[in-house]
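See below for the structure under consideration.
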């Protein structure tokens, strides 16, 4: 079964190195919490709020060790008034036998405000 694993993280500023580093941190946390193997990943969607323009988060995913063949696409989130700024989100589509309720979604930095019900 394909399941979606959500994750989000914020960056302190629109800086290319920071966007790549924080995306890598988020991906690593998703992998560790859910025992994800790149061979089981169907695709990854990476989004940013419109205030992030310095780098593509997909680059961090594509260059993560062993993830070079995983299809990744970037896009911007809707520009909704009052939305959390400087936020990167990942949706990792993975083949797994883990039940939906047991998937570990990851929210880091200020992004913990997005889903406090899922933050452990």
Can you name the residue in region 55-74 that is out of contact with any strand residue (DSSP E or B) (no Cβ under 7 Å at 6 or more places or on another chain) and in a helix (DSSP H, G or I) and, of all such residues, is nearest to residue 118 (Cα to Cα)?
60
Please determine, by comparing only the residues of region 2-27 that are surrounded by fewer than 17 Cβ atoms within 10 Å (Cβ to Cβ) and part of a strand (DSSP E or B), which one is nearest to the chain's Cα centre (by Cα).
4
Being free of Cβ contacts under 8 Å to residues at least 24 places away in the same chain and in a loop (DSSP other than H, G, I, E, B) is the filter; apply it to region 75-114 and report the residue that is nearest to residue 8 (Cα to Cα).
78
Condition first: at pLDDT 95 or above, within 13 Å of residue 91 (Cα to Cα) and out of contact with any strand residue (DSSP E or B) (no Cβ under 6 Å at 6 or more places or on another chain). Can you find one or more residues in region 31-51 that meet it?
yes
Could you look through region 47-63, keep only residues that are buried (at least 18 other Cβ atoms within 10 Å of the Cβ) and under 25 Å from residue 36 (Cα atoms), and pick out the one that is farthest from the chain's Cα centre (by Cα)?
55
State yes or no: is residue 88 farther than 19 Å from residue 16 by Cβ and in contact with a helix residue (DSSP H, G or I) (Cβ under 6 Å, 6 or more places away or on another chain)?
no
Can we say residue 102 is surrounded by fewer than 17 Cβ atoms within 10 Å (Cβ to Cβ), closer than 19 Å to residue 119 by Cβ and modelled with pLDDT of 95 or more?
yes
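The values are calculated or read from the model by the stated rules, or taken from the named source; none is laboratory data. Here the structure is a predicted model, which is why all the values come from computation and not from measurement. Neighbour counts run over all protein chains shown; Cβ positions are idealised from the backbone, glycine included.
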